[in-house]
Amino acid sequence: MPSHLLYVRVGSCVLLLGTLACRRDTTAPAREHVALAPVAMSHDEGERSPSPAGTVTFESFALGAIHGQQDWQSTGGEGSGAAPESRCAVYDHVIADNATMVPTAAREAVFGRRSLRISNAVTSGCYSDQTFSQRAADVAGESGAISRSRDGATDYAVTGARLRNRFEAEWTLISAQPSAWQPGLELVVSPARGDDHRMSWVQVADWSDGLAVVFAERSDPAAPGAIERSLVVRGLDRRRAHVIRLTMDFVDGAHNDVVRVQVDGVLRHAGGSWETYYQDDVNGRANFSGATPAVNRLMFRTGSDAHRGVPGDPAPATRGFGFLIDAVRVSAYSVARSADACRDGAWRELRDDAGHAFRHQGDCVRGAQRLRRDP
Ligand SMILES: [Ca+2]
Ligand SMILES: [Ca+2]
């Protein structure tokens, strides 16, 4: 069962020309988190798969540097060839050969010959030089969410992308040292767009009793700059592959986005997004004047946030090991939330709460009604 783990306060950092400027935020009382009973989720991934963006398995990637392969971005990843001024560190993030690191059964089932391997042997306080997944065809956020850089010069969305109300991402991971504890190993995965901005935070870590998943939200209106963390699950067998799915529902208005975390097909946690930071915090508002960043991909970050009161020290002994990550899927689509939204053919563009397409308008209306009864 999920439980409240820890409350921490942090400052926010702004990356400007390779220099970090950090400020501490105010404190706030800890919030209670909703405890969810495990719910078995559908594994129907057949012809009605909610996966329009496809799944990246890295099998056709070249070994070594990730940067520039199939829309992946990792200027700080080892071997990227990026100019030194474009990155804060050289991270142990690479495309790896699985032959010696992944148990045969896991290789055959999921990982194949090659995977993304990430350790936190090297960390930094930076964001945009870390590793970013392929982008979804569309972007997700509430109305007004922004896919462009603050100066308008860069659009992080794929050309022609539309704004959707749900972002969904899934990835599979296993320890690169399945038979041994890697003390200090941790990695944060966030819905993002390719620069410094994130809308949620899921950490995977190797603890003495196995792998753990921790969730962080910034959703307390009284302390919009604060980060609150919750344990999602711990004690996961590091010899086995684990599937993490993040589903973000963006809802117009303040403090109402819903983020769900599933681990191995079981819903383990629900919490808020980071909208409150961008809408209410003085540092957050400075980014988009109270709007939020739209998201379309995952940021895999080995960050050092110790200077802000958040753990994240580098773990040098994890170099060459860490986590192996595979089957990375991202998508942005819109869920039918009202019967009106289904009209005039719009149902063709919408999906039900499970991410499945509708057969006709009546199907869409029923889907929206089910959602309103049981949001
Ligand atoms: Ca693979
Ligand atoms: Ca909202």
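At an R0 of 35 angstrom, the distance between the Cβ atoms of SER338 and SER289 translates into a FRET efficiency of 0.80.
Separation of segment 120-140 from segment 243-283 is 18 Å, based on Cα centroids. Remark on GLY77: its backbone amide H falls under 5 Å from those of TYR91, a criterion applied only to residues 5 or more positions apart or on other chains, H modelled at 1.01 Å from N. Among ASP97, ASP92, ASP352, a tally of other beta-carbon atoms within 10 Å of each Cβ gives an order, fewest to most, of ASP97, ASP352, ASP92.
Mean sequence separation of contacting Cα pairs (under 8 Å, at least six apart), scaled by the length of segment 336-375, corresponds to a relative contact order of 46 percent. The phi-based Karplus calculation (6.51 cos²θ - 1.76 cosθ + 1.60; θ = phi - 60°) puts the 3J(HN,Hα) values of segment 165-175 at 9, 9, 10, 10, 9, 9, 8, 10, 9, 8, 5 Hz, whole numbers, x for Gly and Pro.
Ranked for footprinting exposure by Cβ neighbours inside 10 Å, fewest first, SER331, SER74, SER304, SER289 give SER289, SER304, SER331, SER74.
Computed from backbone phi, the HN-Hα couplings of segment 67-79 come to 3, x, 8, 6, 6, 7, 10, 6, 5, x, x, 3, x Hz, rounded to whole numbers (Karplus: 6.51 cos²θ - 1.76 cosθ + 1.60, θ = phi - 60°; Gly and Pro given as x).
Only the coordinates and a few stated rules stand behind these numbers; no lab work does. Just so you know, these numbers come straight off a predicted model, no measurement behind them. Please note: Cβ atoms are built from the backbone with ideal geometry, for glycine as well, and neighbour counts cover all protein chains shown.
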